[in-house]
Amino acid sequence: MKPNPTHKSHVPTISPYQYLGGKTVTSKLCSVLNIDEYQDLADVFGIPRGTVSTWHSRETTPFEIAIRSHLATGVSLRWLLLNEGEAFPTLTNTGAETTSNVLILSHYQLKSGELTALPALSFDPALLKQSNTEPHHLMALQTASTTMIIDQSDNLPISGSYLITIDNLMSINDIQRLPGNQLVLHYGQSSIAVAQADINIIGKVIISINHI
């Protein structure tokens, strides 16, 4: 029997979605990336600041930025663009019968004493299972050679590496406590003694990953 040239296999219609746009999306992006100001999105994604304003005025859906955010952080596109489900749903591998959560941390670059927001980073929670720290207290910090995880709840300097502020400039320093609320700060091969009141402790480095 010859095939009927008029016969076509049934292809279901895929209707368009009602995508979110404007500040509804940028607010979600800011929350995922731990950004306070809308215009800071321009610095994170390397786009003109006027582009963000255009999204707002025209209720535009920034699809390419949404995809970049998904690839960088694992954020759900359904949550970001359709407001469905959770931002970071549980990932299930039914074949292996395992379930694992992705830990998403805010991510910053430390350069010239200042922090610059970067796209959030995804980690395996097993990496932090020994820390007993709530995830919302953690942040990832990138330097020229290292990515560090900072516990912001640990801001009483005793011994270790800490993210600190001196004269409104941030740095990572090894610190050792001395009697009388005195601290020794190590700078490479040098050390200085300071009063604890003279510095501000942002958090303690609990994991350090050297760049390859």
Next item on the list: May I ask you to derive the relative contact order of the range 169-212, considering only C-alpha pairs under 8 Å and at least 6 residues apart, and to give it as an integer percent?
Entry: 23
Item checked: Solvent accessible area, Å² - residue 167, 1.4 Å probe, full protein context -> 130
Margin query: Over the range 160-212, with the other protein chains present, what is the accessible area per residue in square angstrom, probe 1.4 angstrom?
Written below: 60
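Given R₀ = 25 Å, FRET efficiency for residue 145-residue 174 by Cβ-Cβ distance, to 0.05? Before the final figure, lay out each step's value.
Details: r = 16 Å, r/R0 = 0.63.
E between residue 145 and residue 174, to the nearest 0.05, is 0.95.
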Next item on the list: Run the numbers on the range 127-212 and let me know its relative contact order in percent, using alpha-carbon pairs under 8 Å that are six or more apart.
Entry: 32
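The values are calculated or read from the model by the stated rules, or taken from the named source; none is laboratory data. Because the structure is predicted, anything quoted here is derived from the model rather than measured. Glycine also receives a Cβ, built like all others from the backbone with ideal geometry; neighbour counts cover every protein chain displayed. With ligands, DNA and RNA removed, areas are computed over all heavy atoms of the protein, side chains included. Shrake-Rupley method; radii C 1.70, N 1.55, O 1.52, S 1.80 Å.
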